[in-house]
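Please treat every number below as a calculation from the coordinates, not as lab data. What you see is a predicted model, and the numbers here were worked out from it, not measured in a lab. Every residue, glycine as well, gets a Cβ built from its backbone with ideal geometry; the counts of neighbours run over all protein chains shown.
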Amino acid sequence: FLNDNDNVWKAAKYLDSQASSSFARIPPIQKTSQEGGIATEDEEIGQELLHAFFPSPPLCEHEETPTTYNQLYCEPIAKHKVKAAVFRVNLDKALGRDGLPARVWREL
């Protein structure tokens, strides 16, 4: 857009805060604060819009977190179950999470 010389001057009009055209002026807005009134300055209008569209988040209620957590019951793993699982695995499959092929685990 800005590579064209004509467009550069059009864009410059939008940046000129003193321009008399309607798109360069920000209309006054009603203040939402306790004091009321009308915001006419750009800074005031910006603050009003900021507070209107992005209000402060509500206060967070701090919850009590337990210092210890209940452990889930876990049945001990039997050696024969591990051995059966290792021998069920196809030897030609991809490596496991540990990077070792199933063939290595069968030899162990």
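Other residues with beta-carbon under 15 Å from the beta-carbon of GLU48 carry, at +1 per Lys or Arg and -1 per Asp or Glu, a net charge of -4. For the range 42-108, chymotrypsin sites (Phe, Trp or Tyr not before Pro) meeting the loop criterion (DSSP other than H, G, I, E, B) and having at most 14 other Cβ atoms within 10 Å: TYR69, TYR73. For the range 97-108, putting each phi into the Karplus relation 6.51 cos²θ - 1.76 cosθ + 1.60 with θ = phi - 60° gives couplings of 4, 7, x, 9, x, 4, 4, 5, 5, 5, 6, 6 Hz, in residue order, rounded to whole numbers and with x for Gly and Pro. When the GluC sites (Glu not before Pro) in the range 47-82 are filtered for DSSP coil states and for at most 12 other beta-carbon atoms within 10 Å of their beta-carbon, the remaining sites are GLU61, GLU63, GLU64.
What length, rounded to one decimal in nm, is gained on full extension from ALA94 through to THR68, with 0.36 nm per residue of separation minus their alpha-carbon distance?
Values: separation 26, 0.36 × 26 = 9.36 nm, distance 3.94 nm.
Extra length from ALA94 to THR68 when fully extended: 5.4 nm.
Lysines within cross-link reach of LYS10: Cα-Cα under 18 Å, excluding same-chain residues under 8 positions apart? Reachable lysines: none.
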